[in-house]
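One structure is given here, and the rest of the page talks about it.
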C-alpha cells in the first residue's frame, strides 16, 4: 500500500493544521469582547458572564493537583490576591477544565472542600468538565489568567506573574481601575497544561 501523501493532501492537512493553530492562538485576545458563557457553579448557582457587565472579572484556570497552582496556594499568594480584589467588588471566577478521569478533576462537593481547606477566596468556582469554557478562551495552562473590563473587554491574558516580583493580574487591575492603560496586557502563561 502506498503511504505517500500527495501534494494536494499535504496542502489540505497543512490548512487544517493552520486553522487549528490560529483558533487556539487567537482565542480571546486582548482588546476583544470577552466570549460570553453560562455555567453552574460548585454551589449549584447559575452564572453568566454577560450578567457581570459593569464589574471587573478575573478568570483563573486552576487544577488543584498541578504543582504550579499548589505553589501559588501553598504560599498564600493566590488567596491574598483573591481576597484583595473581591473586597473591591471584582468578580473572581476560578475555573477547572479538567475532564473526568484526568488530573485535577473534581466534583462540586470536593471542589468546595478544597477551597475551604486552602482558604481560597474566589467569588465562585466553575467545574468545566467538558472543557467548553476553556476552549472558548484558549486556556492553555493552570494557572492561566484573564482580566475582563466592566465593558466586557479582555484587558489581560496570560500568566499570573513573572515568577518574581510582578503579579500581572494585580498590576492590570490596579492600572485599569485607576484609568490607565494596562502596561503588560499579554504574557505567555506557564504551568501545567489544562487537562482537557
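The values are calculated or read from the model by the stated rules, or taken from the named source; none is laboratory data. Predicted model only: the values in this text are computed from it and were never measured. FYI the Cβ positions are ideal-geometry reconstructions off the backbone, even for glycines, and counts take in every protein chain you see.
State yes or no: is residue 43 in a loop (DSSP other than H, G, I, E, B) and farther than 16 Å from residue 159 by Cβ? Yes; evaluated as a whole, the condition is true for this residue. Residues in segment 79-97 that are part of a helix (DSSP H, G or I) and either modelled with pLDDT under 95 or crowded, with 20+ Cβ neighbours inside 10 Å (or both): 81, 82, 85.
Considering 125, 169, the condition of being in contact with a strand residue (DSSP E or B) (Cβ under 9 Å, 6 or more places away or on another chain) and outside any strand (DSSP E or B) is satisfied by 169 alone. As a summary of the residue check, residue 142 satisfies the conditions (1) more than 12 Å from the chain's Cα centre (by Cα); (2) surrounded by 21 or more Cβ atoms within 10 Å (Cβ to Cβ); (3) over 20 Å from residue 48 (Cα atoms) except for the one numbered (1). I want to confirm something. Restricting to segment 63-78 and keeping residues that are touching a helix residue (DSSP H, G or I) at 6+ places or on another chain (Cβ under 8 Å) and in a loop (DSSP other than H, G, I, E, B), which single residue is surrounded by the most Cβ atoms within 10 Å (Cβ to Cβ)? The residue in question is 63. So is residue 157 modelled with pLDDT of 95 or more, outside any loop (DSSP other than H, G, I, E, B) and under 11 Å from the mean Cα position of the chain (by Cα) or not? In short, yes.
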